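All remarks here apply to the structure that follows.
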Amino acid sequence: MTVKLSSSSLATLPSKVAGPNYDRSALKAGIVHFGVGNFHRSHQAVYLDDLFGQGIGHDWALVGAGVFDGEKIGRGKLEEQDWLTTVVEQDEGHMSARVTGAMIDFLMPGDAAAIIERLADPAIRIVSLTITEGGYFIDPASGVFNPTHPDIVADAQPGATPKTVFGIILAGLLRRRQDGIVPFTVMSCDNIPHNGHVTSDGVIGLARLIDEDLASWVSDHVAFPNAMVDRITPATSDRERKILADDFGLEDNWPVFCEPFRQWVLED
């Protein structure tokens, strides 16, 4: 007999599965996160779940975002279970499972207008990223941002609807500048050296193609902290779903299996 994961089943989770000890209905969004994959759900989302469990930070909940059509599949799986994720920590001879509830919404991937609207909301104070190294438009030869990439060039055209993460972030920042709202912090959680600098090079590099004044404003007013992140988190397959169902009695469309160790060092 297995329990299917959803908000309504949180009260009846199997005995070996821990669940959120806070009221998810009282959470308010504070972070928009691009790249809702396994690593993000085993790392940043777990830290936030821990924070909420201590009875603090309930206005820092996560809203997912993405730019690729392929991300709609993961979004659909999470929507079916009210944005909940089961995280299974696994090492030699030991496994533990917990349901995390830090995510409260996931905007439709590729819906630039809806994402920009959310980025313009003063409640959003951080925009975080796990978009993999390939998402930063780094030229493999030089190792720096490539402003001639076709997707970047397209986003820099007057009146273009942005298609890249950097284009959407920049549009959100522009809206906040126009509305007199303090800009959000842009926080990379990708495992690449100097990830904050790499992110600022991308956002400011795109801004420079559009308007030199905008590039200067971003450079002067937007924080791009560097971070060091670590947690081994493989992809999810039917094998992991079966282990969760057989060993813990829980059905999850998209569980995350990971090592117990985790690390997150963030620049002030």
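To the nearest 20 Debye, how big is the dipole of the stretch 3-266 about its Cα centre, given +1 on the beta carbon of each Lys and Arg and -1 on that of each Asp and Glu?
360
With r defined as the distance between the Cβ atoms of Asp246 and Glu80 and R0 fixed at 22 Å, what FRET efficiency is calculated, to the nearest 0.05? Can you show the working numbers first?
On the way: r = 21 Å, r/R0 = 0.94.
Calculated value: 0.60.
Would you mind ranking Met108, Met103 so that the residue whose beta carbon has the fewest other beta carbons within 10 Å leads the list?
Neighbour counts put them in this order, fewest first: Met108, Met103.
Write down Rg/Rh for the stretch 3-266, rounded to two decimals, with Rg from the C-alpha atoms and Rh from the Kirkwood relation over Cα pairs.
A ratio of 0.99.
For Phe257, what is the net charge nearby, where nearby means another residue's Cβ is under 13 Å from its Cβ and Lys, Arg count +1, Asp, Glu -1?
Around Phe257, the surrounding residues sum to -1.
Separation between the Leu51 and Asp151 pseudo-spin-labels, each 7 Å from Cα along Cα→Cβ, expressed in nm?
It is 2.7 nm.
Using R₀ = 22 Å, calculate the FRET efficiency as 1/(1 + (r/R₀)^6) where r is the Cβ-Cβ separation of Ser96 and Phe68; round to 0.05.
According to the calculation, E is roughly 0.10.
Measure out, as a whole number of angstrom, how far apart the alpha-carbon centroids of the stretch 1-60 and the stretch 218-268 sit.
Spelled out, the Cα-based centre of one part sits 13 Å from the other.
What is the percent of Cα-Cα separations in the stretch 10-111 that go past 21 Å?
33
Quick one: work out the % antiparallel among DSSP beta bridges in the chain, nearest 5.
On the way: 12 of 35 bridges.
Of the beta bridges lying entirely in the chain, close to 35 percent run antiparallel.
FYI, it's all coordinate maths here, none of it is from the lab. None of the values given here were measured: they were computed from a predicted structure. With ideal geometry, Cβ positions are generated from the backbone for all residues, glycine too; neighbour counts draw on all protein chains shown.
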